[in-house]
Amino acid sequence: NKKIIFPELFFTDKNLVGRDVCKISRNLSDLKGIFADVEAFEKMPQDKLAYEVSSFLPEKEGTPGGLYFGITYLYPGKVGNEYMMTKGHYHASIDRAEFYWGLEGEGMLILMDEQRNVWAERVFPGSLHYIPGGVAHRMANVGSSLFSFAACWPSDAGHNYAEIAEKGFSARLIEVNGIPHLI
Ligand code: M6P
Ligand code: ZN
C-alpha cells in the first residue's frame with residue numbers, strides 16, 4: 001500500500017515523531033453541491049470514499065512563518081462526465097500561496113483568480129505547481145487509478161470554502177471523448 005510512504009517519510013526524523021499528524025477523509029456526501037450532474041450524484045453511494053488527506057501540522061493554526069505539509073489521495077471516478085475532485089478553496093488569508101506537486105497517477109489542477117478567470121495545469125508524478133495568493137485551487141483525478149499529490153502551505157493561510165460552495169468555479173473539468181476539457 002503506497003499510502004505508507006507518508007508516515008515513513010517524516011518519521012525518519014526522530015524529532016518529529018508524535019507531532020501533529022492529522023488525517024481527514026471526505027466521502028461523496030461531503031462533496032454535495034460541487035458536481036453539475038445532481039441526478040448522477042444522488043444515485044451514487046453517499047458513503048463512497050472520495051479522498052483522504054494526511055497532514056503534518058507542526059505549528060498551531062494561524063502561526064505566522066510556519067509551514068504545513070500534506071498528501072492528498074484522490075480516488076478515481078466520475079459524477080456524470082465530471083471527474084472526481086476536491087472541494088477546493090481560497091485561503092482565508094487570501095494572499096497566502098501554496099505549492100502542489102504530483103506523486104502518482106494523473107490529475108489536473110484547476111485554478112481560479114479573484115476575477116473568476118479559470119485555467120488548469122496537468123499534474124503527473126514529479127510535476128510542480130505554484131499557486132499564488134488570491135488563486136482558488138482544486139484537484140481532479142483524470143486517470144483510472146489513485147491520484148496523489150503533496151502540498152505545502154503557510155500555517156496562517158487557513159481555508160475559505162464558502163465562496164466555492166456558493167458559486168463554484170467558473171469552469172468544470174468534463175470528459176469529452178475520453179479527454180478532459182475545461183468547459
Ligand atoms: C491539499 C491542501 C490542503 C487541503 C487538501 C484537500 O492537501 O491544499 O490544505 O485541505 O489539499 O483540499 P480541500 O481542503 O479543498 O478539500
Ligand atoms: Zn490551499
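With each label modelled as a point 7 angstrom along the Cα→C-beta vector, the ASP47-SER144 pair spans 2.8 nm. Neighbour counts of other Cβ atoms within 10 Å put TYR73, TYR161 in the fewest-to-most order TYR161, TYR73. As a proxy for reagent exposure, ranking GLU42, GLU59 by other Cβ atoms within 10 Å from fewest up yields GLU42, GLU59. Applying the criteria of a DSSP loop state and at most 14 other Cβ atoms within 10 Å to the GluC sites (Glu not before Pro) of the stretch 85-143 yields GLU114.
For the chain, the relative contact order works out to 24 percent when only alpha carbon pairs closer than 8 Å and six or more residues apart are counted. Across the stretch 48-128, C-alpha contacts under 8 Å between residues 6 or more apart give a mean separation that, scaled by the residue count, equals a relative contact order of 21 percent.
With 21 Å as the limit, the listed pairs LYS23/LYS87; LYS23/LYS43; LYS32/LYS60; LYS23/LYS78; LYS32/LYS87 have LYS23/LYS43; LYS32/LYS60; LYS23/LYS78 beyond it between alpha carbons.
Since every read-out is calculated from the coordinates, none of them should be taken as a lab result. As the structure is a computational prediction, the values presented were derived from the model and not from experiment. When we count neighbours, we look across all protein chains shown, and the Cβ atoms used for this are built from the backbone with ideal geometry, even at glycine.
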